[in-house]
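Just below is one structure, and these are the notes that go with it.
The values are calculated or read from the model by the stated rules, or taken from the named source; none is laboratory data. Keep in mind that this is a model prediction, so the values were computed, not measured. When we count neighbours, we look across all protein chains shown, and the Cβ atoms used for this are built from the backbone with ideal geometry, even at glycine.
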Amino acid sequence: MLEGARVLGALLLGAGMIAVASSDMPAPLPWAYGLLPVGVLWLARRLGLLLGLLAATSTLGAVYAAGVTEPSQLFFVAVLAGSGLCFAACARRGVSASTTLAVAAAPVLLVAAGYLVFGGLDELSRLLAERMESLRRYEAEYRVSQTIGMSAVEFEHALERTGKIWSALLPSLFAMKWVMVLAINCWLASVLFQDADGFPAFAEFSTWRVHPVGAWAAALALGLIAVRLTPALEAGYNIAFPLAIAYTIQGFAVARFMGIAFEVKGIVQLAVLFLVALLPVLLVVFLGIGFFDAWYDFRRRAVAGLTGPWGEGGGNQR
């Protein structure tokens, strides 16, 4: 009974997070299909990879029978099912959490890129224009600018700058949405199947790191930005933006690891987070830590002289 409640609670929480991640973002399929990868993983876990593949194919047929007949939508369903099979294959091979996420997300991101190229980007641009216009109407009716200490002109300029930034980053924002959906599936897999199948612990935040291929992607982004031509510049920004967020998260993971390894009091760690909230410029520090951790591996070097679970090779850091 308790196990059933735990599973149901995790699924409801995961579904809620996927619904939030999908809000205001047009997609080839409703948000509920975002849970398909973990469902296929469950089938593969029960039946084995070969029978899981047959079950995934049957699921695709069931989706078609349910009324999803558009070829592009069916292809997207097939790719989501393939991500679930990637989860299962990586779990059987004992692949690390970040590598599993990269392998499962890669085909989805390729299909998402195709969606953007064949009309999706125009749809996203229209949605953004509608959102900006609704904010202007809201400002005209309620004078929000006065509440936050801005003039109407300053509010309009800030809105225009925000719109330009969002327009430039629409592809990466859409891609990040699908990465978040796959990450939620990874978390669900670690919660539901870790004990039975040794699925990697995505909840172990302090040991999380960006896949090494991220460093090559960052170099590509910097090269494109250095070209200074508009298409290359936009492509560079759209590659660099999600990587900057990922490496900032890795920087926080390194800091968390150090706090555990050196037994820093929780109140001190909370004080650091509070300071970052007050001074967002400090995020650059964590970005730098996360980026250089790809080569220097701060966590492994920090615990070299320690004893106990974090030292002498006892930690589960990679």
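Here ILE239 fulfils each of the conditions (1) in a helix (DSSP H, G or I); (2) more than 21 Å from the chain's Cα centre (by Cα); (3) of a type in the set (A, V, I, L, M) apart from (2).
Being within 23 Å of TRP166 (Cβ to Cβ), modelled with pLDDT under 85, surrounded by fewer than 18 Cβ atoms within 10 Å (Cβ to Cβ) and of a type in the set (D, E, K, R) is a property that ARG318 lacks. I'd like the full set of residues that are of a type in the set (A, V, I, L, M, F, W, C) and in contact with a helix residue (DSSP H, G or I) (Cβ under 6 Å, 6 or more places away or on another chain), limited to segment 103-124. The answer is VAL103, ALA104, ALA105, VAL108, LEU109, VAL111, ALA112, LEU116, LEU124. In this structure, is GLY94 free of Cβ contacts under 8 Å to residues at least 24 places away in the same chain and surrounded by fewer than 17 Cβ atoms within 10 Å (Cβ to Cβ)? So GLY94 does not fit the description; no. The set of residues from segment 225-266 being polar (S, T, N, Q) and at pLDDT 85 or above comprises ASN238, THR248, GLN250. Only residues that are at pLDDT 85 or above and of a type in the set (Asp, Glu) were counted across segment 43-77, and they come to 0.
From the set of residues in segment 113-156 that are in a helix (DSSP H, G or I) and polar (S, T, N, Q), which is surrounded by the most Cβ atoms within 10 Å (Cβ to Cβ)? The extreme case among them is SER145. Number of residues in segment 32-68 that are in contact (Cβ under 8 Å) with a residue 40 or more places away in the chain and either aromatic (Phe, Trp, Tyr) or surrounded by fewer than 12 Cβ atoms within 10 Å (Cβ to Cβ) (or both) equals 2. Among the listed residues ALA277, ALA302, ALA294, identify the single one that is at pLDDT below 90, hydrophobic (A, V, I, L, M, F, W, C) and farther than 30 Å from ILE165 by Cβ. Matching residue, one of ALA277, ALA302, ALA294: ALA302. As a summary of the residue check, LEU110 satisfies the conditions (1) more than 16 Å from LEU49 (Cα to Cα); (2) modelled with pLDDT of 85 or more; (3) surrounded by 15 or more Cβ atoms within 10 Å (Cβ to Cβ) except for the one numbered (3).
In the set (1) of a type outside the set (Lys, Arg); (2) surrounded by 12 or more Cβ atoms within 10 Å (Cβ to Cβ); (3) more than 21 Å from PHE241 (Cβ to Cβ), GLU263 fails one condition alone, (2). The residues on offer are VAL254, VAL227, and the sole one that is in contact with a helix residue (DSSP H, G or I) (Cβ under 9 Å, 6 or more places away or on another chain), over 25 Å from VAL103 (Cβ atoms) and surrounded by 12 or more Cβ atoms within 10 Å (Cβ to Cβ) is VAL227.
Taking segment 285-303 only, how many residues are under 14 Å from PHE252 (Cα atoms) and in contact (Cβ under 8 Å) with a residue 60 or more places away in the chain?
Qualifying residue count, segment 285-303: 5.
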